[in-house]
Amino acid sequence: MKRMHAFFLLCLLTFGVHAQVSFEAKVSKKQLGINERLRIDFEMNQDGDNFTPPDFDGFRVVGGPNQAISNSYINGKRTYSKTYSYFLSPLSKGTVTIKQATIDINGELYKTTPVTVTITEAVERPKDGNDAEYVASENVHLVAEVSKTNPYLNESLTVVYKLYVSDEVSITSNWREIDTPKYADFWSQNIDTQGNFKIYEGTYQGRPYRYVILRTTVLYPQKTGELEIEPLVLDVPIDVQSNRRDLFGRRLMTRVNKTISAGKRTINVKPLPEEGKPVTFSGAVGDFDFKVSSDKTTLDANESLELKIEVGGKGNLKLFNLPSAKTPSSLEVYDPERSENVQTTASGMSGTVSETYVVVPQSKGEYPIRPITFSFFNPKTETYETKTSEEIVISVENGPVPVTNNDNTTASSKQNVVQSGNSFKYVKLDSNLQPIATTPFFTSRTFWILLGVPFLLIPLLILAGKKRKERQADVAGNRLRKANRLAKKYLSEAKKNVNNKAVFYEALERALHNYLRAKLSIETSEFSKERIKGLLLERGVEPPTVDSFLALLKSCEFARYTPASNVAIQQDYEKAVSVISEIDKQLK
């Protein structure tokens, strides 16, 4: 009897060891609309390691992986199940195949069977109050509130992103951004919330809601016309009450992952009026104060003073150039040092910007610094305003006296010219010419030199011809030399136009592109920053040098829409020369 029990137990153990392993991919539906979600479960009946999901081509993963394990004993029989779940959102219509997933079970590699899913047109969701997807979509909304939809060029506007949630559902802070706005045609700055989301009470479409402010962004449009603000898209886990109840009668919650978007917003940017625009206007838009001050007005020669030009108020303080100081030529003036004390809040930029000049007088005397004017456009009054500083007189008490010319007799009178007999005495009338000695040309040294030089030049011409043919046959080399000549040409053109921002950055960008064409053998259509970065790294260029080159390209792109000082333009030119030199040294 004991032998029978032992044999029966051995059979059970053998059956458990050799039980068939199951590893399957199961989808919630084989056909769905492009606006629906797909759930896929990778289920196995034995525990495994190193689970590798497929790449989910054609879908965006909006949830998962969620792991669930079931281990139960019924009538002494063990049932085990382990599942990895993903929630997918289709990207386009058509037939999509979800490839194989793999897992290691007891040292053997198992794969699922590929699953084919059909994506159709968007389907109309049933307005069923018991459907968790419908309830979630009706009770959670992402809204982008824009303070101005018709601003002037360089006038501030604010975009506030609010997430509205009704009392019928609840969410956690575990949402994630899928698409983030880039604000290509705006100067932008986000107002940092430091991760602290305060809950407010409000209404949306006439219903009471709770809401949080996810982000506040300040924008200054850099182009006129219709500009689009890209949408913010979030993946939000939403808990919805289900019809099921727990042991205590409380309703259980069902979690639904929803992709919600704030939608695109269109801003119609008005150009600044041409009527009444002052000559001194440099792009300042807002409400500003202006003053010019000197730290001293009485000093000695070769001492220094600081002349400060300051603009304060509210507006696009970082996006325009300050007027320059107008000083007498006898005062030595150094390049200004710019200082910014600007805060960006939800209402825009405010604070002060200033430029400080160091002035050194060379001689004794009184030197007036003429009044300086500053013009700006006030969007509140829709008019241009001009403010003028007071005249500042610099008194230099001790020092060398400047040299002045007091000779006022040069043009005081005119005298008659009296001719005399010796008026042309300096002209020599008697010549003393000597005949040139004549020698036969055909026997002269010059004749033999001219005769022998062509024979000496023949080998040189033959050698030069061979070199020329080799050069013409070198297609790649000719292309390289041509691109190098173009790059040098455009760099020289950029250097000549350092005082003309638009022409400078256009020429600089062309020079950089032609340099890339020469060194990397790529066409203009392939000028994406990712491809440029990859090619330069492959050719042995160090990452900091690559980053400097890409930053320079980006500076050229944005400089067309933002003001730039002469100092910044000169720095960009020097940076271009330095970066090209570094790449030449590092390229393999």
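The values are calculated or read from the model by the stated rules, or taken from the named source; none is laboratory data. Note that the coordinates shown come from a computational prediction; the quantities given were computed from them, not determined experimentally. Ideal geometry is used to build each Cβ from the backbone, glycine not excepted, and the neighbour counts take in all protein chains shown.
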- Task: May I ask you to verify whether S170 is surrounded by 12 or more Cβ atoms within 10 Å (Cβ to Cβ), outside any strand (DSSP E or B), out of contact with any Phe, Trp or Tyr (no Cβ under 9 Å at 6 or more places or on another chain) and assigned by TED's automatic domain parsing to the domain that holds T259?
- Result: no
- Query: Of the numbered conditions (1) among the β-branched types (V, I, T); (2) under 24 Å from the mean Cα position of the chain (by Cα); (3) over 30 Å from V165 (Cβ atoms), I229 satisfies every one except a single condition; which is it?
  - Reply: (3)
- With the condition kept exactly as written, say whether any residue in region 136-149 is in the same structural domain as T259 (by TED's automatic domain parsing), charged (D, E, K, R) and under 33 Å from the mean Cα position of the chain (by Cα). yes
- Could you list all residues from region 24-42 that are surrounded by 18 or more Cβ atoms within 10 Å (Cβ to Cβ) and at pLDDT 90 or above? A25, I40, F42
- Task: Read through the list (1) closer than 30 Å to F558 by Cβ; (2) surrounded by 14 or more Cβ atoms within 10 Å (Cβ to Cβ); (3) of a type in the set (A, V, I, L, M, F, W, C), then give the number of the only condition that V279 fails.
- Result: (2)
- Query: Which residue out of V159, V135, V117 is at negative phi, crowded, with 16+ Cβ neighbours inside 10 Å and either modelled with pLDDT under 90 or touching an Asp or Glu at 6+ places or on another chain (Cβ under 6 Å) (or both)?
  - Reply: V135
- Item | region 330-361, residues that are touching a strand residue (DSSP E or B) at 6+ places or on another chain (Cβ under 6 Å) and not in a strand (DSSP E or B) | Y334, P336, A346
- Report, by residue number, each residue of region 161-188 that is within 12 Å of L234 (Cβ to Cβ) and among the polar types (S, T, N, Q). S173, N174, T180
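Any idea how many residues of region 47-58 are crowded, with 16+ Cβ neighbours inside 10 Å and modelled with pLDDT of 85 or more? Walk me through it before giving the result.
The first filter runs over region 47-58 and keeps only residues crowded, with 16+ Cβ neighbours inside 10 Å, leaving 48, 51, 53-54, 56, 58.
Then keep just the ones that are modelled with pLDDT of 85 or more; that gives 51, 53-54, 56, 58.
Within region 47-58, residues that are crowded, with 16+ Cβ neighbours inside 10 Å and modelled with pLDDT of 85 or more number 5.
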- Of the residues that sit in region 261-317 and are in contact with a strand residue (DSSP E or B) (Cβ under 7 Å, 6 or more places away or on another chain) and hydroxyl-bearing (S, T, Y), which one is farthest from L163 (Cα to Cα)? T298
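Of the residues S282, S329, which single one is among the small types (G, A, S) and under 26 Å from T344 (Cα atoms)? Working first, answer last.
Numbers: S329 fails: under 26 Å from T344 (Cα atoms).
Among S282, S329, only S282 is among the small types (G, A, S) and under 26 Å from T344 (Cα atoms).
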- Conditions (1) surrounded by fewer than 16 Cβ atoms within 10 Å (Cβ to Cβ); (2) more than 30 Å from V401 (Cα to Cα); number of the one not met by S304: (2)
- Task: Name, by its number, the condition in (1) hydrophobic (A, V, I, L, M, F, W, C); (2) over 20 Å from the mean Cα position of the chain (by Cα); (3) over 28 Å from R255 (Cβ atoms) that does not hold for I171.
- Result: (3)
- Message: Show the residue pairs meeting these rules: Cβ distance below 7 Å; 6+ apart or different chains; first residue within region 140-164 and over 16 Å from A346 (Cα atoms); second residue among the aliphatic types (A, V, I, L, M) and assigned to a loop (DSSP other than H, G, I, E, B).
- Response: L142/L232; L142/A262; V143/A262; Y152/L272; L153/L272
